[in-house]
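Down below is the structure, laid out as structure tokens.
The values are calculated or read from the model by the stated rules, or taken from the named source; none is laboratory data. Note that this is a predicted model, so its numbers are computed, not measured. Cβ placement follows ideal geometry from the backbone for every residue including glycine, while neighbour counts extend to all protein chains displayed. Accessible surface is based on the protein model in full, side chains and every heavy atom, while ligands, DNA and RNA are left aside. Shrake-Rupley method; radii C 1.70, N 1.55, O 1.52, S 1.80 Å.
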Amino acid sequence: MKKVGAFLLVFALTVLAVYFGNFTLAKSETIANAQIGALRNANTIFNDGFCVYPDSSFGKMVAAELEERGHKVLTLSAPVECDGQFLAVWIEWFNVSYSPILARGQVRVVAIYSSAGGPTHYLSYRNATDKERALITFDRTDRPQFQAYILLDISDDSRGIIGLGGYRDYLTGKAVKAIVDHIENLSNGEAR
């Protein structure tokens, strides 16, 4: 009887460790696809550094990654005009199908960018009833700037020993690095 109890205890602890554990010992195939829309005025201004309106822990991770890559970053508590390049970034949706040996996930990240520090496009999007239309419609401004949006989709298929927390962190980390790569391209004047 004691052996059965000990086995059940070890089994329960193993299940909890795998489910809540923050580890991945897996082989992954990750694909990132980005849709970018941009409007660039003549004589575009590119301010130094970034003003990031994180609106989430994901946005804070993006700000930290930009800093790690050597950019000056100011984290905004509200979407306001700033002296850097304005960036609002968030996870639109996060979907995971999980088992301890097979995990599949999809993440959609949305970013709105202005080279001259203007939050106008983001505010129009946030206040719109038709979000899809507002995202792809750029406001004309008197300031020469490069405005853009990014829709980034990350898809992953992983096989191995995977903790659910570790897999979520893995997907989020992939999304952070991919979105920062695209943001750096925008800050160099490239929409690719």
Evaluation of A88 against (1) open to solvent by less than 20 Å² (accessible area, probe 1.4 Å); (2) under 23 Å from I45 (Cβ atoms); (3) out of contact with any Lys or Arg (no Cβ under 9 Å at 6 or more places or on another chain); (4) modelled with pLDDT of 95 or more (one fails), failing number:
(3)
What is the number of the single condition among (1) open to solvent by 10 Å² or more (accessible area, probe 1.4 Å); (2) modelled with pLDDT under 90; (3) touching a Phe, Trp or Tyr at 6+ places or on another chain (Cβ under 7 Å) that G163 does not meet?
(1)
Members of the stretch 90-135 that are free of Cβ contacts under 8 Å to residues at least 24 places away in the same chain and in contact with a Gly (Cβ under 9 Å, 6 or more places away or on another chain):
N95, S97
Lone unmet requirement of (1) hydrophobic (A, V, I, L, M, F, W, C); (2) at pLDDT below 85; (3) open to solvent by less than 90 Å² (accessible area, probe 1.4 Å) for A64:
(2)
Open to solvent by less than 10 Å² (accessible area, probe 1.4 Å) and on the phi > 0 side of the Ramachandran plot, is that true of G105?
no
Among A175, A134, A148, which is the only one that is farther than 18 Å from F86 by Cα and either modelled with pLDDT under 90 or of a type in the set (A, V, I, L, M, F, W, C) (or both)?
A175
Has the stretch 101-119 got at least one residue that is modelled with pLDDT under 95, part of a strand (DSSP E or B) and more than 20 Å from E65 (Cα to Cα)?
yes
Do we have any residue at all in the stretch 73-85 that's buried (at least 18 other Cβ atoms within 10 Å of the Cβ) and of a type in the set (S, T, Y)?
no
Taking the options S97, S56, name whichever one is open to solvent by less than 80 Å² (accessible area, probe 1.4 Å) and over 11 Å from the mean Cα position of the chain (by Cα).
S97
Suppose we filter I154, I150 for residues that are open to solvent by less than 10 Å² (accessible area, probe 1.4 Å), more than 20 Å from A38 (Cα to Cα) and part of a strand (DSSP E or B); which single one remains?
I154
Inspect all residues belonging to the stretch 29-38 and state whether any of them is at pLDDT 70 or above and open to solvent by less than 40 Å² (accessible area, probe 1.4 Å).
yes
Only one of these is within 30 Å of N43 (Cβ to Cβ), out of contact with any Cys (no Cβ under 7 Å at 6 or more places or on another chain) and among the charged types (D, E, K, R): R133, R104, R108. Name it.
R133
